[in-house]
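A short worksheet on the structure shown next.
The values are calculated or read from the model by the stated rules, or taken from the named source; none is laboratory data. If you're wondering where the values come from, they're calculated on a predicted model, not measured in any experiment. Virtual Cβ from ideal backbone geometry, glycine too; neighbours counted across all protein chains shown. With ligands, DNA and RNA removed, areas are computed over all heavy atoms of the protein, side chains included. Shrake-Rupley method; radii C 1.70, N 1.55, O 1.52, S 1.80 Å.
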Amino acid sequence: MIRQVKPDQRGEIQLTDAIQLMCDEGRRVMAVKLTPEEKRYDIGNFPSYFESFVEFALADPAYGAEFRRVLERLLARAAVTV
């Protein structure tokens, strides 16, 4: 179904449109309800992708601490140049 979906005004392929096509054809569609503790990540554009990436990178047990130090250094440098 995803191959049948046309890009929207911003050029994005909407998964919800593909899901709607499946429903329209009477196909079985299943969903999982997130618990209040779970978060939905939308990475359909670069800003939301970057935010999701940073959140996961910071939470990584092996690399999160080092990534935090690098990010803080970069932000401090960027604040000086602004």
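For the subset of the stretch 13-53 comprising residues that are of a type in the set (Ser, Thr, Tyr) and in contact with a Phe, Trp or Tyr (Cβ under 8 Å, 6 or more places away or on another chain), which member is modelled with the highest pLDDT?
Checked the stretch 13-53; the qualifying residue modelled with the highest pLDDT is Ser52.
Within the stretch 66-80, identify whether any single residue is outside any helix (DSSP H, G or I) and open to solvent by less than 100 Å² (accessible area, probe 1.4 Å), and answer yes or no. Lay out the reasoning, then the answer.
To start, the set of residues in the stretch 66-80 that are outside any helix (DSSP H, G or I) comprises none.
No, that holds for no residue.
Among the residues of the stretch 4-40, write down those that are touching an Asp or Glu at 6+ places or on another chain (Cβ under 8 Å) and of a type in the set (A, V, I, L, M).
Across the stretch 4-40, the qualifying residue is only Val5.
Within the stretch 38-65, take every residue that is of a type in the set (D, E, K, R) and in a helix (DSSP H, G or I) and give me the one that is surrounded by the most Cβ atoms within 10 Å (Cβ to Cβ).
Taking the stretch 38-65 and keeping what is of a type in the set (D, E, K, R), we get 38-40, 42, 51, 55, 60.
With in a helix (DSSP H, G or I) added as a condition, the list becomes 51, 55.
Working: Glu51: 13, Glu55: 11.
Checking each candidate, the answer is Glu51.
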